[in-house]
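What follows is one structure encoded as structure tokens, with my remarks underneath.
The values are calculated or read from the model by the stated rules, or taken from the named source; none is laboratory data. What you see is a predicted model, and the numbers here were worked out from it, not measured in a lab. Counting neighbours? That spans all protein chains shown, and the Cβs are built from the backbone with ideal geometry, glycine included.
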Amino acid sequence: MKVLIVNGSPKGKYSCTLQTSLYLEKKFKDCEFTVLHCGQQIRKYEKDISLLIDAINAADLTVFSYPVYTFICPSQLHKIIRLLKENNCDFKGKFCTQISTSKHFYDATAHKYIEENALDLGFSYIKGLSADMDDLTTDKGQKEAVAFWKYVRHCMENGIAEQKINRELPAIPAFTASAAAVEKKEKFDTVIVTDAEDTDLNLLQMIEEFKAVYPYPVRIVNLREFPFDGGCLGCFKCAVSEKCVYKDGFDEYLRKTVQSADAFVYAFRIKDHSPGPVFKTFNDRQFCNGHRTVTMGKPVGYLISGHYTLEQNVRTVVEGRAQVGGNFFCGAASDDNDPTVGIAAMAQRLAYATETGYNQPADFYGVGGMKIFRDLIYVMRGLMKADHKFYKKHGFYDDLPNRQLGRLIAMQLVGGLMAMPQVQEKAGTYMNEGMLMPYKKALEKADKE
Ligand SMILES: Cc1cc2nc3c(=O)[nH]c(=O)nc-3n(C[C@H](O)[C@H](O)[C@H](O)COP(=O)(O)O)c2cc1C
């Protein structure tokens with residue numbers, strides 16, 4: 001069996017993720033592995049993508065191997081996917097899967113992104129392996145990798161693959177901004193960050209419509225005008241220095257031009273089931289802020305051109321990013337669903353949240369995500385000093401289980417009492433009453449206020 005590993009990690013042979021494939025190569029001697037360091041050598045593949053296309057065609061199985069980067073995969077791998085799609089590749093009859101490593105923070109959305117694009121490219125796609133960064137160093141992780149490979153082979157031998165959703169996408173009507181500009185109040189600074197090109201007609205018109213109906217002045221930052229030296233290299237040097245190794249000035253641009261605003265609007269056209277490589281470069285490079293939620297409390301809205309209402313994975317990424325960042329999500333207006341109404345509603349929510357500081361407590365997207373970050377930074381605080389300082393200052397460690405001593409003791413006591421048959425008999429009503437005691441206090445307090 002000929003296996004092609006498309007290594008999307010910018011770290012090339014130093015990729016932790018790649019080690020799983022190298023391990024499998026040793027375990028399955030009848031498989032012939034070829035590794036292409038597409039992430040690290042992105043410029044080479046940008047010049048000539050046929051190197052990769054030929055390699056995929058020569059293999060029986062292609063494995064996308066990559067680290068999860070900010071909810072999806074590294075910008076370099078986004079570029080590879082873009083190039084394959086621009087070349088109208090059709091890999092019908094070829095199998096494909098993926099192996100990622102991460103801390104499981106939004107690994108599901110990364111896998112969905114690869115899956116959706118693999119199916120678009122005609123591959124027979126087999127569900128991939130999402131491993132923790134350290135898994136391969138453990139007995140359990142090694143067994144899981146071997147079991148995964150046996151499963152992949154079983155699927156290939158028996159022609160088992162994920163089913164592509166066959167649906168005709170409705171055409172998106174042309175949109176023209178029509179609202180008259182409302183009078184602007186000078187109080188707040190709002191920035192629209194976009195990667196719009198001249199050909200993104202609907203998106204440009206959506207930006208115009210937003211500017212017209214929004215009651216505050218708006219600055220436009222077009223990411224295509226920033227001279228990025230490249231995508232994040234995953235070198236982690238910024239974890240200590242808080243500075244990126246690139247000399248293109250992105251840290252300062254990000255902090256002074258974008259993050260200084262009171263409110264944010266992100267505007268893009270959906271490409272390959274994602275915001276596309278330019279936005280991904282921008283998002284990945286924000287790793288110079290580590291895991292610090294530096295814009296916490298400021299509202300965000302989105303202007304999206306494309307089939308946003310049908311792109312569930314993009315929706316999860318958009319909402320997840322806002323929640324994990326501690327930003328109030330003011331909605332995403334899209335041109336596949338009455339953009340005039342959507343833009344007006346988003347603009348009103350954004351104005352309200354900017355004026356009042358309104359935010360909503362996070363749901364699972366934010367709470368789950370931040371618990372992963374909290375544990376990660378707590379354990380890695382020796383290295384990630386700036387993150388640790390930020391988390392301490394903002395009380396992000398306060399809900400660590402080992403800090404909830406009072407609750408732990410109380411639960412031991414309740415558990416002990418509940419184990420007694422005589423308590424159990426009467427427990428029903430007492431339990432309910434007892435649980436409501438703190439709530440009663442809140443209601444009584446509200447009466448007095
Ligand atoms: C820019 C950047 C973004 C990252 N984003 C995520 C993420 O969203 N979720 C996650 O669980 N880990 C994230 N990580 C951690 C990497 O996925 C993890 O370190 C991975 O194992 C590195 O693999 P590699 O050595 O193959 O590049 C990120 C790391 C970097 C440098």
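For residues that are assigned to a loop (DSSP other than H, G, I, E, B) and either buried (at least 23 other Cβ atoms within 10 Å of the Cβ) or touching a strand residue (DSSP E or B) at 6+ places or on another chain (Cβ under 9 Å) (or both), tally how many sit in region 113-137.
Counting residues in region 113-137 that are assigned to a loop (DSSP other than H, G, I, E, B) and either buried (at least 23 other Cβ atoms within 10 Å of the Cβ) or touching a strand residue (DSSP E or B) at 6+ places or on another chain (Cβ under 9 Å) (or both) gives 7.
Being without any contact (Cβ under 8 Å) to a residue 40 or more places away in the chain and either charged (D, E, K, R) or farther than 17 Å from GLY234 by Cα (or both) is the filter; apply it to region 250-292 and report the residue that is farthest from the ligand (Cβ to nearest atom).
Restricting to residues being without any contact (Cβ under 8 Å) to a residue 40 or more places away in the chain and either charged (D, E, K, R) or farther than 17 Å from GLY234 by Cα (or both), the top hit is LYS256.
Could you figure out which of (1) crowded, with 18+ Cβ neighbours inside 10 Å; (2) under 20 Å from SER305 (Cα atoms) isn't true of ALA263?
(2)
For residues in region 35-60 being away from the ligand (no atom under 16 Å from the Cβ) and outside any helix (DSSP H, G or I), which is nearest to ASN88 (Cα to Cα)?
ILE49
Kindly provide the set of residues from region 215-236 that are within 22 Å of the chain's Cα centre (by Cα) and within 16 Å of the ligand (Cβ to nearest atom), ordered by number.
Passing the criteria: PHE228, GLY230, GLY231, CYS232, LEU233, GLY234, CYS235, PHE236.
For region 10-34, what are the residues that are of a type in the set (D, E, K, R), out of contact with any helix residue (DSSP H, G or I) (no Cβ under 7 Å at 6 or more places or on another chain) and more than 7 Å from the ligand (Cβ to nearest atom)?
LYS13, GLU25, LYS26, LYS29, ASP30, GLU32
Would you mind telling me which numbered condition in (1) within 16 Å of the ligand (Cβ to nearest atom); (2) exposed (fewer than 14 other Cβ atoms within 10 Å of the Cβ); (3) of a type outside the set (Asp, Glu) ALA239 fails?
Among (1) within 16 Å of the ligand (Cβ to nearest atom); (2) exposed (fewer than 14 other Cβ atoms within 10 Å of the Cβ); (3) of a type outside the set (Asp, Glu), ALA239 violates only (2).
Go through region 361-407 residue by residue and tally those that are among the polar types (S, T, N, Q) and surrounded by fewer than 12 Cβ atoms within 10 Å (Cβ to Cβ).
1
Count, please, the residues in region 113-136 that happen to be in contact with a helix residue (DSSP H, G or I) (Cβ under 9 Å, 6 or more places away or on another chain), over 19 Å from ALA161 (Cβ atoms) and either among the polar types (S, T, N, Q) or within 9 Å of the ligand (Cβ to nearest atom) (or both).
3
What is the number of the single condition among (1) modelled with pLDDT of 95 or more; (2) out of contact with any helix residue (DSSP H, G or I) (no Cβ under 8 Å at 6 or more places or on another chain) that GLU144 does not meet?
Of (1) modelled with pLDDT of 95 or more; (2) out of contact with any helix residue (DSSP H, G or I) (no Cβ under 8 Å at 6 or more places or on another chain), only one is false for GLU144: (2).
Select, from ASN432, ASN402, ASN359, the only residue that is on the phi < 0 side of the Ramachandran plot and assigned to a loop (DSSP other than H, G, I, E, B).
Criteria check complete, one pass: ASN359.
Please list, ordered by first then second residue, the pairs with beta carbon atoms under 6 Å, 6 or more apart or interchain, first in region 167-178 and over 18 Å from ASP120 (Cβ atoms), second surrounded by 10 or more Cβ atoms within 10 Å (Cβ to Cβ) and acidic (Asp, Glu).
Taking only residues 6 or more apart or on different chains, the pairs are PHE175/ASP335; ALA177/GLU208; ALA177/GLU209.
Hey, HIS154 hits all of (1) in contact (Cβ under 8 Å) with a residue 12 or more places away in the chain; (2) not in a strand (DSSP E or B) but one; which does it fall short on?
All conditions are met except number (1).
Collect the residues in region 309-360 that are without any contact (Cβ under 8 Å) to a residue 12 or more places away in the chain and of a type in the set (Asp, Glu), keeping them in residue-number order.
ASP338
Given the condition polar (S, T, N, Q), in the same structural domain as HIS154 (by TED's automatic domain parsing), more than 11 Å from the ligand (Cβ to nearest atom) and buried (at least 16 other Cβ atoms within 10 Å of the Cβ), answer yes or no: does some residue in region 103-112 qualify?
Checked against the condition, which is being polar (S, T, N, Q), in the same structural domain as HIS154 (by TED's automatic domain parsing), more than 11 Å from the ligand (Cβ to nearest atom) and buried (at least 16 other Cβ atoms within 10 Å of the Cβ), region 103-112 yields no hits at all.
I'd like to know if region 397-417 contains one or more residues that are touching a residue at least 24 places away in the same chain (Cβ under 8 Å) and either in contact with a helix residue (DSSP H, G or I) (Cβ under 7 Å, 6 or more places away or on another chain) or closer than 19 Å to THR293 by Cα (or both).
So far as region 397-417 goes, yes, one or more of its residues are touching a residue at least 24 places away in the same chain (Cβ under 8 Å) and either in contact with a helix residue (DSSP H, G or I) (Cβ under 7 Å, 6 or more places away or on another chain) or closer than 19 Å to THR293 by Cα (or both).
Based on this model, can you work out whether LYS140 counts as closer than 30 Å to ILE377 by Cβ, more than 25 Å from the chain's Cα centre (by Cα) and of a type in the set (Lys, Arg)?
Answer is yes for this residue.
Does GLU208 satisfy the criteria of being closer than 22 Å to VAL300 by Cβ and either away from the ligand (no atom under 16 Å from the Cβ) or among the small types (Gly, Ala, Ser) (or both)?
yes
Taking VAL300, is it away from the ligand (no atom under 16 Å from the Cβ), more than 25 Å from VAL341 (Cβ to Cβ) and surrounded by 14 or more Cβ atoms within 10 Å (Cβ to Cβ)?
Here the answer is no, as VAL300 does not meet what is asked.
Filter region 352-379 down to the residues that are hydrophobic (A, V, I, L, M, F, W, C) and either within 23 Å of VAL317 (Cα to Cα) or at pLDDT below 95 (or both) and list them by number.
Of everything in region 352-379, those that are hydrophobic (A, V, I, L, M, F, W, C) and either within 23 Å of VAL317 (Cα to Cα) or at pLDDT below 95 (or both) turn out to be ALA353, ALA362, PHE364, VAL367, MET370, ILE372, PHE373, LEU376, ILE377.
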